Protein chains: 2
Amino acid sequence: MLQIRPEDIEKKSFEILTSKMDEERLKFYSADELLVVKRAIHTTADFDYQYNVIFQNNAIESLKHCIQSDSMIFTDTNMALSGINKRILTGKFCITPHCLISETDTIEYAKKNNTTRAVASIDLAYQMRDKKQSSNNEKKVPIVFAVGNAPTALIRINELLYKYKPDFIIAAPVGFVNVIEAKELIKQSNIPAIICDGNKGGSNVCAAIINAVLLQMA
Amino acid sequence: MLQIRPEDIEKKSFEILTSKMDEERLKFYSADELLVVKRAIHTTADFDYQYNVIFQNNAIESLKHCIQSDSMIFTDTNMALSGINKRILTGKFCITPHCLISETDTIEYAKKNNTTRAVASIDLAYQMRDKKQSSNNEKKVPIVFAVGNAPTALIRINELLYKYKPDFIIAAPVGFVNVIEAKELIKQSNIPAIICDGNKGGSNVCAAIINAVLLQMA
């Protein structure tokens, strides 16, 4: 067993995973982007993430700007919510992220509109944002969606683009049904985004992506 | 986009992932074990899980028995806790799982004993179990550890085997430092366990493993 101080484990872990990465990919990303890719690998031990993470439209700077601008951040699962580094996001930037998926309002809205809770969560997130904006003298409140599970959430974001444009999207649902297609919609949207291309992703990866950016701002 | 009812998505997803699995591995596992392996793949889209999930000592039946016997279940992360199907575990079996990692007692215990919070969580979990047992006329209360993150939690479980033997372990920490070694300790322990061999695992996989067994009992 490697004798190592707890505070050094993460450092050592990143050294090891970097040594196992494809050298071409180490050169492919910017330094900040690479920190995101490495944290996705760190969270999964899955080296496919060096090939499938897409940074769209100045993604890292856009997400940092949202975090610095008192944005509202919505995750599609409580697991992703639970994994986000609140010491930085809430402690330093005073942002409390939300997940509406299990809220009573969401369940009622989904029933009433014959839709999924994931879709209802998107609609209600925009309503919450509009309310905050209107109580804020219409000063813009950016909105960030972090999706690690439900492709239908991405599909709904895309359907509503005629009315609402999110300021940032993490598009990382995992799975085999509609996942690739939903990510394609986000690619076509031109919205600043970090996308896990293909079938892979997940709540843990979604949280890891946000945390990698937060740690750059700590 | 595939038009599909939300309730059919999971079924379709399992059909697709099964069709992509290695035929040899479909024959390798028991029917119940295969449901665990498939749910790990469903959660990650990572087909390595068809090769690296180890079922030790009648694992599925042992875990089911723990769940039916009012066991205490401890996770090492709030993410894993958040991902566990409470509709079944709490709703049907009246078990509320615990995660002690962020509790004040754990933080104080770790400081006082100059150890990690993951190690402190194991010690305090056994203390909680003993207390419950003693208030229960010493009727045995099984204890289950679900570890998706901290290899040190597994190392501590192993260190304490002279005194305490857990009734079941999910050994699924992810990473590059001490992870493989810690899993080896659990393999040598002969305790009923589900182990994600190698570097892979994670809080999401840990929750998925429990959920796959819970769904068999729903």
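Here is a yes/no grid of residues against (1) hydroxyl-bearing (S, T, Y); (2) under 14 Å from A:K200 (Cα atoms); (3) assigned to a helix (DSSP H, G or I):
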residue	(1), (2), (3)
B:Q3	no, no, no
B:E10	no, no, yes
B:F14	no, no, yes
B:L17	no, yes, yes
B:M21	no, no, no
B:L26	no, no, yes
B:L35	no, no, yes
B:A40	no, yes, yes
B:F47	no, yes, no
With respect to the numbered conditions (1) more than 20 Å from B:F145 (Cβ to Cβ); (2) outside any helix (DSSP H, G or I), which one is the sole condition not fulfilled by B:C94? (1)
Search result, residues across segment B:187-218 that are within 14 Å of chain A (Cβ to nearest Cβ) and without any contact (Cβ under 8 Å) to a residue 40 or more places away in the chain: B:Q188, B:N199
Among the candidates B:E33, B:E24, residue that is more than 9 Å from every other protein chain (Cβ to nearest Cβ), within 17 Å of the chain's Cα centre (by Cα) and of a type in the set (D, E, K, R): B:E33
Which one of these does A:F74 not meet: (1) part of a loop (DSSP other than H, G, I, E, B); (2) of a type in the set (F, W, Y); (3) touching a strand residue (DSSP E or B) at 6+ places or on another chain (Cβ under 6 Å)? (1)
Selected residue [without any contact (Cβ under 8 Å) to a residue 12 or more places away in the chain and within 10 Å of another protein chain (Cβ to nearest Cβ)] from A:T43, A:T115: A:T115
A:N136 fails exactly one of the following numbered conditions: (1) in a loop (DSSP other than H, G, I, E, B); (2) under 23 Å from A:M79 (Cβ atoms); (3) not β-branched (V, I, T). What is the number of that condition? (2)
Output the number of the condition that B:K64 fails; it satisfies all remaining conditions of (1) in a loop (DSSP other than H, G, I, E, B); (2) surrounded by fewer than 18 Cβ atoms within 10 Å (Cβ to Cβ); (3) under 16 Å from the mean Cα position of the chain (by Cα). (1)
For B:L17, are the conditions met, namely being of a type outside the set (V, I, T) and within 14 Å of chain A (Cβ to nearest Cβ)? yes
Among (1) touching an Asp or Glu at 6+ places or on another chain (Cβ under 8 Å); (2) in a loop (DSSP other than H, G, I, E, B), which single condition is B:F55 missing? (2)
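If you check A:F145 against the conditions, is it among the aromatic types (F, W, Y) and touching a residue at least 60 places away in the same chain (Cβ under 8 Å)?
Judged against the criteria, A:F145 is a match.
Bear in mind these aren't lab numbers, they're just calculated from the coordinates by the rules spelled out. Since the model is a prediction, treat every value here as computed from it, not as a measurement. A quick note on method: Cβ atoms are made from the backbone with ideal geometry, for glycine too, and the neighbour counts reach across all protein chains shown.
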